[in-house]
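The values are calculated or read from the model by the stated rules, or taken from the named source; none is laboratory data. Predicted model only: the values in this text are computed from it and were never measured. Methodologically, a virtual Cβ is constructed for each residue, glycine included, from the backbone with ideal geometry; neighbour enumeration extends over all protein chains shown.
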């Protein structure tokens, strides 16, 4: 049985730490683990299956002898280092947006479109966290009834903005509870100029703005969804639009997903049944018992939770649902490690010679 | 000049206290103010224009000699006491949902449909807080371009659930920051059986569930919007649907409003201009300056703040906007007192003889 040398790039971050624990439990024979991070984090010691491993600074040479890279160190780092890793023979599963829309990079949700892994060229992209949970919930509905339109509003947890933003929000909450002025140096995004408090507030900006008034996060949800559902073919068959809002939640994105199916035989009951029958999805949908998905309950879980499924009685074929998932696990680390499991299962941990 | 005896019913609540301060600044000649509340709150002392007023227990006899009642004491209290007030000659502006959908009760947003006050029968209803800010923002667009569809997702502040729920959420936040288990006895609504923490969480339930899987809050947004826009005529001309979510914010509801206009000459620029030109609306919409509405900034203000206006390029005539307002002022006390100002202005503070 082949055993793999696995490198985790960005090992000290919020997602990186979850990549380690997900890899510990994964169906992947691991010969050796390398933990890579920025120079600043090099020398830190982390555990893998009870063994202490020293974090090394990530350089192109770090990837010599590595079979598989799980990457979550930010777009610029991926852009710079992953081609170097591929050059050295490593297959990379990347959590950043750096390569997602590249034509030769498969954008994969296991259970949805992992058959596309067969055609990888060394880099495989993990979709954006908000995209993953929405498409995971919609995909079996899409298969059964078709989809013509998706309108989504997100309620996104602060951990999606990284550990520093997360800490900032908690400090702001404590300051506000103490009657003090909250400070903001990072949120809504460190990549932009102005910063606002998020605690007890709502920020309708995730990532930077595009020229058309949409944020890059909204753009990602729209274009990634089309790429995953239609594999770059006929993506005009579906209308997708989004508004992304950051909310003062630690872990767990919520989404109100309004969707229109093509086959009007669809019903709330049939959709509920489809959700129940799909691996990785959990139906939490019983108004009589006040059962519906909540971030506090979804945090720490790998599943995508779906509830509040209702028909829009005035619009034939249109339905609402409320989707919640742990953005660090389902929306990032779990999806990445599941992609790696698929690669191992299908013997695809090799860089094809073009 | 006629001077009015004004009673505030529910004077000690979160909205009641704002009714007092709004009335202090209103264009209403006040002869006397009576502050009414439950037996439990009777005897408390509150200020009106620097004078101390003792809160009295609300009974049917409290309304003898009262011209105008501003009511925000809960649906059951309104149901019981307002007909008694009307019997005694008082005109009532009610903040609860008790009478909103009654055929002979005007449902009023000043500046939108206050001309309907002329036909009141003693009780005038203030719409639901989430309805007011959405319809206030949509109405001038509706007048100019028509509307065929509205799909709204709300991000509603805890203060809309009352002072006790608000305090509960703050305590939960402190407990979670201290690493303790949060307690929940009220939220999502004291009227239901199960209770969940709201701090650092999202609760997709506001008010109780109807049989069709929608919550009563969602039902209110749908039916009140149709009643206000179409005055009970032709309300099938517009499709309205909603998902209402409680978020851990103290004051200020957010709403992602997706709407489809009839006249496809509409553009983002034209809509922005309409918002700018409408009294009571404030356009905060400049992505290049990261300018958009936020609850922390809207709290304490009477205006409705509108931003993130964008076209859905794949759906002709469809647009997004993000609407934020102080749910206790714009969504309750300010609207109520503005209705009372309209009644005074138009000399309508009299109960018609049927």
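Counting only residues that are away from chain A (no Cβ under 11 Å) and in contact with a strand residue (DSSP E or B) (Cβ under 7 Å, 6 or more places away or on another chain), which one in segment B:291-304 is nearest to residue B:135 (Cα to Cα)?
Step one: list which residues in segment B:291-304 are away from chain A (no Cβ under 11 Å), which gives B:300-304.
With in contact with a strand residue (DSSP E or B) (Cβ under 7 Å, 6 or more places away or on another chain) added as a condition, the list becomes B:303-304.
Values: B:303: 13, B:304: 10 Å.
Looking at the filtered set, the residue picked out is B:304.
Here's the yes/no breakdown for (1) buried (at least 22 other Cβ atoms within 10 Å of the Cβ); (2) on the phi > 0 side of the Ramachandran plot; (3) within 25 Å of the chain's Cα centre (by Cα); (4) not in a strand (DSSP E or B):
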{"site": "A:282", "(1), (2), (3), (4)": "no, no, yes, no"}
{"site": "A:288", "(1), (2), (3), (4)": "no, no, no, yes"}
{"site": "A:293", "(1), (2), (3), (4)": "yes, no, yes, yes"}
{"site": "A:297", "(1), (2), (3), (4)": "no, no, yes, yes"}
{"site": "A:300", "(1), (2), (3), (4)": "no, yes, yes, yes"}
{"site": "A:307", "(1), (2), (3), (4)": "yes, no, yes, no"}
{"site": "A:314", "(1), (2), (3), (4)": "no, no, no, yes"}
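What about residue B:141, is it assigned by TED's automatic domain parsing to the domain that holds residue B:263, over 14 Å from residue B:336 (Cα atoms) and in a strand (DSSP E or B)?
No, not satisfied.
Of everything in segment A:228-266 that's assigned to a helix (DSSP H, G or I), in contact (Cβ under 8 Å) with a residue 60 or more places away in the chain and surrounded by fewer than 24 Cβ atoms within 10 Å (Cβ to Cβ), which residue is nearest to the other protein chains (Cβ to nearest Cβ)?
To start, the set of residues in segment A:228-266 that are assigned to a helix (DSSP H, G or I) comprises A:228-230, A:235-237.
Applying the additional criterion that residues be in contact (Cβ under 8 Å) with a residue 60 or more places away in the chain yields A:228-229, A:237.
Still in the running and surrounded by fewer than 24 Cβ atoms within 10 Å (Cβ to Cβ): A:229, A:237.
Details: A:229: 14, A:237: 11 Å.
Filtering first and then ranking leaves A:237.
Name the single residue that is farthest from the other protein chains (Cβ to nearest Cβ) among those in segment A:121-133 being surrounded by 24 or more Cβ atoms within 10 Å (Cβ to Cβ) and either in a loop (DSSP other than H, G, I, E, B) or out of contact with any strand residue (DSSP E or B) (no Cβ under 9 Å at 6 or more places or on another chain) (or both). Even if it seems obvious, please write down each step before you answer.
Keep residues of segment A:121-133 that are surrounded by 24 or more Cβ atoms within 10 Å (Cβ to Cβ), which gives A:123-133.
Then drop every residue that is not either in a loop (DSSP other than H, G, I, E, B) or out of contact with any strand residue (DSSP E or B) (no Cβ under 9 Å at 6 or more places or on another chain) (or both), which leaves A:126-128.
Values: A:126: 24, A:127: 20, A:128: 18 Å.
Checking each candidate, the answer is A:126.
Table: residues versus (1) surrounded by fewer than 22 Cβ atoms within 10 Å (Cβ to Cβ); (2) free of Cβ contacts under 8 Å to residues at least 24 places away in the same chain; (3) farther than 22 Å from residue A:302 by Cα.
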position	(1), (2), (3)
A:6	no, no, no
A:13	no, no, no
A:37	no, no, yes
A:43	yes, yes, yes
A:67	no, no, yes
A:84	yes, no, yes
A:104	yes, yes, yes
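For segment A:316-336, which residues satisfy the criterion of being touching a strand residue (DSSP E or B) at 6+ places or on another chain (Cβ under 7 Å) and either in a strand (DSSP E or B) or more than 13 Å from chain B (Cβ to nearest Cβ) (or both)? Break it down into steps so the answer makes sense when it comes.
First pass over segment A:316-336, keeping only residues touching a strand residue (DSSP E or B) at 6+ places or on another chain (Cβ under 7 Å): A:317-325, A:327, A:330-331, A:336.
Hits for segment A:316-336 are A:318, A:319, A:320, A:321, A:322, A:323, A:324, A:325, A:330, A:331, A:336.
Would you check if residue A:136 is at pLDDT 95 or above, surrounded by 23 or more Cβ atoms within 10 Å (Cβ to Cβ) and either under 20 Å from residue A:311 (Cβ atoms) or in contact with a helix residue (DSSP H, G or I) (Cβ under 8 Å, 6 or more places away or on another chain) (or both)? Give the derivation first.
Values: at pLDDT 95 or above: yes; surrounded by 23 or more Cβ atoms within 10 Å (Cβ to Cβ): yes; either under 20 Å from residue A:311 (Cβ atoms) or in contact with a helix residue (DSSP H, G or I) (Cβ under 8 Å, 6 or more places away or on another chain) (or both): yes.
Yes, satisfied.
Does segment A:153-166 contain any residue that is surrounded by 15 or more Cβ atoms within 10 Å (Cβ to Cβ), assigned to a loop (DSSP other than H, G, I, E, B), touching a residue at least 40 places away in the same chain (Cβ under 8 Å) and out of contact with any strand residue (DSSP E or B) (no Cβ under 8 Å at 6 or more places or on another chain)?
Yes, segment A:153-166 has at least one match.
Among the residues of segment B:193-210, are any loosely packed, with under 15 Cβ neighbours inside 10 Å, at the interface with another protein chain (Cβ under 9 Å from one of its Cβ atoms) and modelled with pLDDT under 95? Quick ask: steps written out before the conclusion?
Of the residues in segment B:193-210, the ones loosely packed, with under 15 Cβ neighbours inside 10 Å are B:193-194, B:210.
Subset that is at the interface with another protein chain (Cβ under 9 Å from one of its Cβ atoms): B:193-194, B:210.
Okay, now just the ones that are also modelled with pLDDT under 95, so none.
No, segment B:193-210 contains no residue that is loosely packed, with under 15 Cβ neighbours inside 10 Å, at the interface with another protein chain (Cβ under 9 Å from one of its Cβ atoms) and modelled with pLDDT under 95.
Residue under question is residue A:224, and the condition is that it be touching a helix residue (DSSP H, G or I) at 6+ places or on another chain (Cβ under 6 Å) and either assigned to a helix (DSSP H, G or I) or surrounded by fewer than 24 Cβ atoms within 10 Å (Cβ to Cβ) (or both); does it hold? Explain how you work it out, then say what you get.
Details: touching a helix residue (DSSP H, G or I) at 6+ places or on another chain (Cβ under 6 Å): yes; either assigned to a helix (DSSP H, G or I) or surrounded by fewer than 24 Cβ atoms within 10 Å (Cβ to Cβ) (or both): yes.
So residue A:224 passes the test.
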